[in-house]
């Protein structure tokens, strides 16, 4: 299994049952040509290596490590060598495992931070964002948020608007990623409960009832906001930190 820690201590993974969720986190190494990054070459398939060759640095190293880590984690759950895992994509680009429909996954990255969510099937999405100030918060809120969300955000105290924006944004991004449609679905199409609840008030009818969806916000690191959504209950959530200096295993 990929070397991992939980709460700063070496750990064994808890079972991934039908109502649990595993979050993997790593800090991507952007040092071009470093030994850890070069090791990931052995884990990627031919199509991924072709894409690597088409990218310029530092995106090349970023993609190489991100895909390598993805394959390492999947290798643990599937008990298969990373290189032999077949990853396909839906029409809108969401990756999936055609040979293993009982395992769902999704990844996101921002800055150097990389996260991956894993569950037993279902519609799963994860998003992480660096909480940086922006000049266009108001315009984004007015364009991408529903009426209830806009009212909630505009009524926040000024010192709460930064965190408030990213909490709403990451939850909505995670939802549209879970559907497989991505941001093209329209962030305003999913409406969050900004009251005492933490789920959704409304979602497009083709994705079921809003009450069936669960939302969680894993505490990842520093000035980052992370959200994960799943179209069924989340009874247990575990976060695992990947060893950034780990050795890779080819297939």
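Bear in mind these aren't lab numbers, they're just calculated from the coordinates by the rules spelled out. No experiment lies behind these values; they were computed from the predicted model shown. No Cβ is skipped: glycine too gets one built from the backbone with ideal geometry, and neighbour counts run over all protein chains shown.
Determine which residues of the range 64-80 fall in the zone a paramagnetic label at residue 100 would reach in this model, i.e. backbone nitrogen under 15 Å from the point 7 Å along Cα→Cβ.
68-80
Among 50, 221, 170, which one shows the biggest mean-square fluctuation in a GNM of the chain, springs joining Cα atoms closer than 10 Å?
50
For each of 158, 148, 167, count neighbouring Cβ atoms within 10 Å of the residue's Cβ, then give the residues from fewest to most.
Fewest-to-most ranking of 158, 148, 167: 158, 148, 167.
Which ordering of 116, 242, 217 is given by a fewest-first count of other beta-carbon atoms within 10 Å?
217, 242, 116
Please state the relative contact order of the chain as a whole percent: Cα pairs under 8 Å, 6+ residues apart?
RCO, the chain: 27 percent.
Calculated FRET efficiency, residue 183 and residue 78, Cβ-Cβ r, R0 22 Å, to nearest 0.05?
Efficiency at R0 = 22 Å is approximately 0.15.
Limiting things to C-alpha atoms, what are the Rg and the maximum Cα-Cα separation (Dmax) for the range 123-231, in angstroms?
Computed over the Cα atoms of the range 123-231, radius of gyration and Dmax are 13.0, 37 Å.
In a Gaussian network model over the chain where Cα atoms closer than 10 Å are linked, find which of 45, 127, 159 has the largest mean-square fluctuation.
Of the options given, 159 has the highest mean-square fluctuation.
GNM on the chain, C-alpha springs below 10 Å: top fluctuator among 180, 195, 122?
195
Report the extension gain between residue 211 and residue 46 in nm, rounded to one decimal, defined as 0.36 nm multiplied by the number of residues separating them, less their alpha carbon distance.
55.3 nm
Along the three principal axes, how long is the chain when you take its alpha carbons, biggest first, rounded to the nearest angstrom?
52, 39, 38
Consider all pairwise Cα distances in the range 21-164 and report the whole-number % of them above 26 Å.
Of all Cα-Cα pairs in the range 21-164, 39 percent lie more than 26 Å apart.
So, in nm, how far is label residue 18 from label residue 219 when the simple model puts each one 7 Å beyond its Cα toward the Cβ?
Modelled inter-label distance: 3.1 nm.
What FRET efficiency would be calculated for the residue pair residue 27, residue 90, taking the C-beta separation as r and a Förster radius of 25 Å, to the nearest 0.05?
Computed FRET efficiency for residue 27 and residue 90 comes out at 0.30.
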